[in-house]
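Take a look at the structure below.
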Amino acid sequence: MNKSEIYPVFAQLTKAAEKQNAGLDLWDGRDNAFHSFLSDGFPHSKMEKWRNTDLSTFLSKEYSYVENTDPVSDVDINQVFHCEIHNFETSLFTLLNGAYVYNTSPLTILGNGVIAGSLRNVWSEYPELVNRYLGQLTENNLNGLVSLNSALGTAGFFIFVPDNVVVEKPVQLVNLVNTEVNPFLQIRNLIVLGKNSKLTFVQCDDSVNDKNSFLNVANEFHIAEGAALEHYKLQNKDDSAVMVNTSFFGLQRNARLLTNTITFNGGTTRNESVVNLDGEGAEANILGLYLVDRKQHVDNQVVVRHNAPHCNSNELFKGIVDDDASVAFNGHIIVLPGAQKTNAFQSNKNILLTDTAKVSTKPFLEIYADDVKCSHGATIGQLDENALFYLKQRGLCDSNARMLLMYAFAEEVIREISIESLHERTADMVSRRLNGELSICDQCVLHCSYEKPMEFEIDITKI
Amino acid sequence: MLQIKDLHVSIDNRQILKGVNLEVNAGEVHAIMGPNGTGKSTLANVIAGKAGYEVEGEIIFRGKNLLEMPVEDRACAGIFLGFQYPVEIPGVSIMNFLKTAVNEQRKYRGEEPISAGAFLKLVDEKKRVVEIPSDLMKRSVNEGFSGGEKKRNEIFQMAILEPMLAILDETDSGLDIDALRVVAIGVSRLKKPENATVVITHYQRLLDFIVPDFVHILFDGRIVKSGDKHLAMELEKQGYDWVKREFA
């Protein structure tokens, strides 16, 4: 008897699995993955890495399990969503309630060999390509939710960048939820970078309405030798949304990764990044910023495995926690025997604005090599009184002085956004969020079509 | 302009100022000198309104009871404190920071916000007065600045905000002689008949450039001796030992 059976959604899941076995012809290992889910169940708060995020309250709610839908083309995405980052030119892809939205074809194949589009369609046309990568990084399905995603996830995004191809235009994937039911969704994204290739990938998680929703997203990023991935994840979900987002990164020799997760809003958001530095000379920069208030909860988990020598990893997570909100950070660094000359750094800094805001932060270093440099640091504090005094002494009122200091605190993460238009917009979003203007921007993370005059005198966008 | 009457200040039940009396009038330059740990910075902080002190006594600034005003109102009323350790604010350029400060102060006085053109003109003019390089202006406030650059930035802010009363807390500490000269010349050029300056310093050398009208020795929480610039010279020659002997 699995405890997960008590949840209303469970019956729908088993039904979906049966139906799938009876017909749906997709990639291997799905049946095994479902069995892993059945034996592991949903992650629960007795598990060390789930101590701070208890899903049981949410899982007890009624959800409608969304059968994995075929790609859709009869949706005018502009009707529900419009990205308005000025001068932000991207190749835009959209998932609406888990379904891949397309105009002409669910697959785009470019002259340089880049394949992008619906994961499901890529599988039917190039099954060997998908099977070569899918599930290779998920570590035997890390936990019950990842197993469930491997078992039942049939929709999602796929991009393949061949060797030596540099994708100049950032690729943007908007994961939008807008439905009248309370959806339980599984989304699987697979990103493959060939040798010496380059890609900038921007993932936006949005919701348009405030229905209860449960999103279980798993991303796999395969980064081959010498390749470079710049990855941004911008999360602006509504307060009723639960999102569990698990990203697996595999880096080969001399590969480069920058991943930056910015959480503006969300009911309960859990981000887990598992980074494997598998080849010598690989480097990963893992950043995060979370601005949390009311009763929101954000849990960032990072696992970095130094499996090869001469690799660098650098983690920086910062957050501002207001009202009754709570956050957790768990930074796990593992240096395997033989991974000499490792540099691994980790830092988590938090500002608590109220007595009732909560932070749990835990560095966890396992080092099995003797010639390494590793450090970690965690701080939880309030705004610096000396700095406040300095600003007010110049005439700034209390609220502006506080806001300026919060912005300055967040800026260390924002400054690492190298796409200028995205940097500007993010900076603007952060200042609006801090100013209390933006709880949930009406649509996209970066949709700022209505420009309320800001009380704050500084035009952050021009700094 | 400023009257301090029988000012007692303690922090965590430790008495720091034990009855300070001081009067500063428009057009005057006062130097407050004294050995380390005698309460010089505390005096500056209490005038500016820093929290965390227990204060008794009276500070009247242009007819207003300063002790009842919050920090920002004192700033807007014309009090400027040049910090000994200016704070770094990453991600916010000096230009934007100062424009915010100028406009907050104008708002307090019931004036319209400064226009972009007028602000640029003001910056340009003051930049020359304190010889601040343009590239410094584009950087984040104090971030990665050298000691000299931070102090120069303090004087630049003072030039832009044009306070009635400027209190410079150990502006000379950590400066080499060239930086000291630039800072001091800036301060002298900003001096006007209607404003006043209080220079807090440990050494006489700053006073070679900013000639004080009055010199006060603060020792053990009290002003134990006042005089003109010759008092500073005497301190330079003889050190503080005689003060300690005479007033301890």
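Coordinate-derived values only; no laboratory data. Note that the coordinates shown come from a computational prediction; the quantities given were computed from them, not determined experimentally. Here the Cβ positions follow ideal geometry from the backbone for every residue, glycine too, while neighbour counts run over all protein chains shown.
Can you give the calculated 222 nm mean residue ellipticity of chain B, where each DSSP H run of n ≥ 4 adds -39,500 (n - 2.57) and the sum is split over every residue, rounded to the nearest 500 deg cm²/dmol?
Mean residue ellipticity at 222 nm (helix-derived): -11500 deg cm²/dmol.
What ranking, highest mean first, results for peptides A:421-431, B:140-150 when packing means the other Cβ atoms within 10 Å averaged over each residue?
By packing density, highest mean first, the sequence is A:421-431, B:140-150.
Give the average, rounded to an integer, of partner chain Cβ atoms located within 10 angstrom of each Cβ in A:10-20.
Average per residue, whole number: 0.
Would you work out the relative contact order for chain A, in percent, from Cα pairs under 8 angstrom that are 6 or more residues apart?
The value is 11 percent.
If each DSSP helix of 4+ residues adds -39,500 (n - 2.57) and the sum is divided by the residues in chain A, what number results at 222 nm, nearest 500 deg cm²/dmol?
That calculation yields -6000 deg cm²/dmol at 222 nm.
Could you check what % of the DSSP bridge pairs in chain B are antiparallel, to the nearest 5?
55
Taking the Cα-to-Cβ direction at B:Asp241 and at A:Asp31 and moving 7 Å from each Cα, how far apart do the two end points lie in nm?
About 9.6 nm, to one decimal.
In debye, nearest 20, what is the charge dipole magnitude of the range A:3-279 about its Cα centre with +1 on Lys and Arg Cβ and -1 on Asp and Glu Cβ, if you could check?
Charge dipole of the range A:3-279: 560 debye, to the nearest 20.
Would you please name the trypsin sites (Lys or Arg not before Pro) within the range A:226-309 that are DSSP coil residues with at most 16 other C-beta atoms within 10 Å of their C-beta?
Hits after loop and neighbour filter: A:Arg294, A:Lys295.
Out of the DSSP beta bridges found with both residues in the protein assembly as shown, what percent are antiparallel (nearest 5)?
20
Using label points projected 7 Å from each Cα along Cα→Cβ, tell me how many nm separate A:Ser39 and B:Glu88, to one decimal.
Reported label-point gap for A:Ser39 and B:Glu88 is 5.2 nm.
With +1 on the Cβ of every Lys and Arg and -1 on the Cβ of every Asp and Glu, and nothing else charged, how large is the dipole of chain A about its Cα centre, in debye rounded to the nearest 20?
About 680 debye.
Relative to the first principal axis of the alpha-carbon coordinates of chain A, what is the inclination of helix A:8-22, with its axis defined by its Cα atoms, in degrees from 0 to 90 and to the nearest 10?
40
Around A:Tyr100, what is the net charge, scoring Lys/Arg as +1 and Asp/Glu as -1 over all other residues with Cβ under 12 Å from its Cβ?
Neighbour charge sum, excluding A:Tyr100 itself: +1.
Out of A:Val192, A:Ala339, A:Ile115, whose Cα points farthest toward the positive end of the dipole of chain A (charges: +1 Lys, Arg; -1 Asp, Glu; placed on Cβ)?
Going by the charge dipole, the pick is A:Ala339.
So for the range B:1-112, what are the equivalent ellipsoid semi-axes in whole Å, largest first, each being the square root of 5 times an eigenvalue of the Cα gyration tensor?
Values for the range B:1-112, descending: 26, 18, 14 Å.
Please report the antiparallel percentage of the DSSP beta bridges confined to the range A:3-279, to the nearest 5.
Close to 10 percent.
Shape call for the range A:275-399 from the C-alpha gyration tensor, a ≥ b ≥ c root eigenvalues: rounded (a/c under 1.5), prolate (a/b greater than b/c) or oblate?
Prolate.
Give me a comma-separated list of calculated 3J(HN,Hα) values for the range B:24-37, in order, Karplus coefficients 6.51, -1.76, 1.60 applied at θ = phi - 60°, integers in Hz, x for any Gly or Pro.
Along the range B:24-37, the couplings run 10, 10, 4, x, 8, 10, 10, 10, 10, 10, x, x, 4, x Hz.
Across peptide A:282-292, what mean number of C-beta atoms from other chains lies inside 10 Å of a residue's C-beta?
0
With point charges of +1 on the Cβ of Lys and Arg and -1 on the Cβ of Asp and Glu, referenced to the Cα centre of chain A, which listed residue (A:Ile320, A:Asn141, A:Val181) lies farthest in the positive direction of the dipole?
Going by the charge dipole, the pick is A:Asn141.
Please work out whether the protein assembly as shown counts as rounded, prolate or oblate from its C-alpha gyration tensor, where a ≥ b ≥ c are the square roots of the eigenvalues and a/c under 1.5 means rounded, while otherwise a/b larger than b/c means prolate and anything else oblate?
prolate
Could you tell me which of rounded, prolate or oblate describes the range A:376-433, using a ≥ b ≥ c as the square roots of the eigenvalues of the alpha-carbon gyration tensor, with rounded for a/c under 1.5 and, failing that, prolate when a/b is larger than b/c and oblate otherwise?
oblate
Among the listed pairs A:Lys49/A:Lys318; A:Lys318/A:Lys358; B:Lys40/B:Lys99; B:Lys121/B:Lys191, which are separated by more than 24 Å between their Cα atoms?
Pairs exceeding the cut-off: B:Lys40/B:Lys99.
If I take every Cα pair under 8 Å that is 6 or more residues apart in the range B:91-242, average their sequence separation and divide by the length, what percent do I get for the relative contact order?
Relative contact order here is 19 percent.
Just counting partner chain Cβ atoms within 10 Å, what average do the residues of peptide B:92-101 show around their Cβ?
5
Of B:Trp242, B:Val20, B:Leu136, which is farthest towards the positive pole of chain B's charge dipole, taken about the Cα centre with +1 and -1 on the beta-carbons of Lys, Arg and Asp, Glu respectively?
It is B:Leu136.
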